[in-house]
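Below is one structure, written out as structure tokens; the observations come after it.
The values are calculated or read from the model by the stated rules, or taken from the named source; none is laboratory data. Quick caveat: nothing in here was measured; it's all calculated off a predicted structure. Because the Cβ atoms are built from the backbone with ideal geometry, glycine has one as well, and the counts that use them run over all protein chains shown. Note: areas computed on protein heavy atoms with side chains; ligands, DNA, RNA excluded. Shrake-Rupley method; radii C 1.70, N 1.55, O 1.52, S 1.80 Å.
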Amino acid sequence: MCGIFGYVGARTDASALVLHGLKQLEYRGYDSWGIAVPRDGAIVVEKRTGKIGQAETTLPASSIGLGHTRWATHGGVTDENAHPHLDCAGRLAIIHNGIVQNHRDLRRELQDAGHTFRSETDTEVVAHLLEDELGRHGDSAEALVQALMATFQRLEGLNAIAALDVSSGCLAAAKNGSPLTLGWASDGMLLASDYSALLEHTRRMTFLDENEAALLTPDGIAIFNALTGERLPPEVKEVEWSAEQADLQGFPDFMSKEIHEQPHVLRRIARERRQDAERLAALIRDADETHLVGCGTAAHAAMAAQYLLARVAGRRSFFANGSELAYMERFFKPGALAIAFSQSGETIDVIDSVRGARERGAALAAVVNVEGSTLYRMSDHAVLLGAGPERCVLATKSFTAKLAVTLLTAYALEGRVDEAAELLERAATEIEAMLSDWRRDYIRQIAEQIYLQEHLYVIGRGPSYPMALEAALKVKEVSYVHAEGFAGGELKHGVIALIEPGTPCLVLAPNDETHDDILSGAMEVRARGGTIVGIGPRHDEAFDYHVPHADLGEASSIVQAVPAQLLGYYLALLRGHDPDKPRNLAKSVTVE
Ligand code: F6R
């Protein structure tokens, strides 16, 4: 969840460089932030609560620095609890992502040994443990990484830790669970929790694997097995994404930029992901059973995949939320296939559940956006979305990209992948039309009519049901309007009690077998005074507002996703919220 950025090298503006890196990572956590650099043989730290936004730093010039943006788990959002945390002597600065599960015992032990704690965080135990370990190992760079590995071995839970050591002038890091990427730039070495923040310095990356540690000196990076201490050859990879992709490129925020990138992403998937989809289709064909898993928006993509596989390829599959699959784990056996959907590839609930499935002999495939991520690396076959960095906390382009990969896969199962690619082309053109000024204006006008409402409902049937869930999630998480998605058929079983005069209800009405039934539901809502926003190819008397789109058959869902993204966006602006950083949320949920 938290953002981590570190630098050591030839430059002398490390604090500014780290501050800039943290700003790129703010979507990972924005309760508070902090940076540490050395001055006169001791650490100086600047840390503050609130978003890093336009913050400047007054830290001195330095060629090494380490920083963090926090999403609080242990300890309130205060300056003291913001990272980095220091040892007693002020020689070490520590930052951390994860939860040290045995922190209470360790804190007691360290306090008994005379260490003074300054925060309520679990992280601070790492600083004091490392201080003790360094006492045993000495002052060299090698000693730092040895001591860090010894410290790491004492931590229970899933953690990424990084340390800045004034004495050796080096950084060291170790991880299990949470992501850490190392960057090899011409003028220094970098580390970050998400490699998109490193792109403006280098595309040469090393993805730290589970239970690995790294030592970063100005000239290079050494990798170790963090459990045995054995030195490992570093694997350096040139990544696909570029720095320009991570910029706003003239858009006012990342949410609108990423919504507008969708046509391009769909076309790219149509062009470049056929082989990947064919391979995924082969895995599905060979499997005795297929399980689809994801969290949040990615769960809705996984659920949509369940409908697509059934409708296009006549394949039965099973959907579960990442946090729920574990309870069904005992049913996994050799011959089963789990497909994990994830933008980040780092969502802990998904990782844990598919790891469990794998331990019981299931094969693992992943549909992910981030190359080198945990799910990407642990799966037998990974399809990269190629959607580019997604910087808005809300998932938009990664959602439609997952639907696109699934569409290709479902058609590939039937030997009709070309047809799917054509549908994706048409979906891209349709979304372009939907994003034209006047069509966006229309959705903004709808938002202006309803933004003071407290509740909003979305109904859809069949393949539009997961889209209704996703539309509601988009609206609620960015605008804080209470929004719920329902299966259209459930209306009469309770939901209709919620409709009051003026309550907005989005009705997903594609040209398929659900059309007439969903319109009956719309009429029932309208009869109770609800305001109906119809999304579909055909106008109907039940609609107060109609957002039309072309009938794209099985690709209609992809197009349906966009009006709700825009509506959520405009509702957020009208209600005065930052669409990129909704309250309490973080982009990548790496803790349980
Ligand atoms: C919603 C959103 C989240 C993520 C979920 C899974 O807009 O972004 O619901 O979809 O946290 O994240 P990934 O896809 O990274 O596994």
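Key figures
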| quantity | calculated |
| --- | --- |
| Residue list for segment 120-147, filter: over 22 Å from Pro218 (Cα atoms) and part of a helix (DSSP H, G or I) | Glu124, Val125, Val126, Ala127, His128, Leu129, Glu131, Asp132, Glu133, Gly135, Arg136 |
| Failed item, numbered, when Ile499 is tested on (1) away from the ligand (no atom under 16 Å from the Cβ); (2) aliphatic (A, V, I, L, M); (3) open to solvent by less than 10 Å² (accessible area, probe 1.4 Å) | (3) |
| Scan of segment 219-238 for residues that are closer than 23 Å to Val166 by Cβ and surrounded by fewer than 17 Cβ atoms within 10 Å (Cβ to Cβ), ordered by number | Asp219, Gly220 |
| Among (1) among the aliphatic types (A, V, I, L, M); (2) surrounded by 20 or more Cβ atoms within 10 Å (Cβ to Cβ); (3) at pLDDT 95 or above, the one test that Leu574 misses | (2) |
| Qualifying residue in segment 239-247 (condition: open to solvent by less than 40 Å² (accessible area, probe 1.4 Å) and charged (D, E, K, R)) | no |
| Wholly within segment 436-550, strands (runs of 3 or more DSSP E) carrying at least 1 residues that are closer than 22 Å to Ala299 by Cβ | 455-460, 482-487, 504-508, 531-535 |
| Subset of segment 49-82 (residues that are in contact with a Cys (Cβ under 8 Å, 6 or more places away or on another chain) and either open to solvent by 30 Å² or more (accessible area, probe 1.4 Å) or of a type in the set (Phe, Trp, Tyr) (or both)) | Trp71 |
| Qualifying position, being within 30 Å of Val393 (Cβ to Cβ), within 12 Å of the ligand (Cβ to nearest atom) and buried (at least 24 other Cβ atoms within 10 Å of the Cβ), among Ala298, Ala305 | Ala298 |
| Among (1) over 23 Å from Ser186 (Cβ atoms); (2) at pLDDT below 95, the one test that Ala61 misses | (1) |
| Cβ pairs under 6 Å, 6+ apart, first in segment 10-33 and without any contact (Cβ under 8 Å) to a residue 40 or more places away in the chain, second outside any helix (DSSP H, G or I) and open to solvent by less than 10 Å² (accessible area, probe 1.4 Å) | Lys23/Ile52 |
| Of the criteria (1) more than 21 Å from Tyr376 (Cα to Cα); (2) buried (at least 19 other Cβ atoms within 10 Å of the Cβ), which one Ala281 fails | (1) |
| The one condition in (1) open to solvent by 10 Å² or more (accessible area, probe 1.4 Å); (2) at pLDDT below 95; (3) closer than 22 Å to Glu212 by Cα that Gly372 fails to fulfil | (1) |
| Residue within segment 476-494 that is polar (S, T, N, Q), open to solvent by 10 Å² or more (accessible area, probe 1.4 Å) and either within 16 Å of the ligand (Cβ to nearest atom) or under 12 Å from Tyr457 (Cα atoms) (or both) present | no |
| Options Gly50, Gly90, Gly34: the member that is touching a Ser or Thr at 6+ places or on another chain (Cβ under 9 Å) and at positive phi | Gly50 |
| Check on Ala404, open to solvent by less than 10 Å² (accessible area, probe 1.4 Å), more than 13 Å from the ligand (Cβ to nearest atom), in a helix (DSSP H, G or I) and in contact with a Phe, Trp or Tyr (Cβ under 8 Å, 6 or more places away or on another chain) | no |
| Residues of segment 407-431 classified as open to solvent by 10 Å² or more (accessible area, probe 1.4 Å) and in a helix (DSSP H, G or I), total | 11 |
| Scope segment 103-118; condition part of a loop (DSSP other than H, G, I, E, B) and either among the aliphatic types (A, V, I, L, M) or under 19 Å from Gln153 (Cα atoms) (or both); matching residues | Ala113 |
| Total residues in segment 551-592, condition part of a loop (DSSP other than H, G, I, E, B) and among the polar types (S, T, N, Q) | 3 |
| Matching option when the condition is without any contact (Cβ under 8 Å) to a residue 40 or more places away in the chain and away from the ligand (no atom under 14 Å from the Cβ), among Glu425, Glu432, Glu414, Glu419 | Glu419 |
| Selection status of Arg311, among the basic types (Lys, Arg) and buried (at least 18 other Cβ atoms within 10 Å of the Cβ) | no |
| Qualifying helices (runs of 4 or more DSSP H) (wholly inside segment 316-399; at least 1 residues being more than 15 Å from Ala299 (Cβ to Cβ) and more than 10 Å from the ligand (Cβ to nearest atom)) | 348-359, 374-378 |
| Residues located in segment 148-195, provided they are assigned to a strand (DSSP E or B) and aromatic (Phe, Trp, Tyr) | Trp184 |
| Segment 350-370 - residue that is among the β-branched types (Val, Ile, Thr) and under 17 Å from Ala287 (Cβ atoms) and, of those, nearest to the chain's Cα centre (by Cα) | Val367 |
| Unmet requirement for Pro252, which otherwise passes all of (1) within 16 Å of the ligand (Cβ to nearest atom); (2) surrounded by fewer than 21 Cβ atoms within 10 Å (Cβ to Cβ); (3) free of Cβ contacts under 8 Å to residues at least 40 places away in the same chain; (4) under 22 Å from Leu585 (Cα atoms) | (1) |
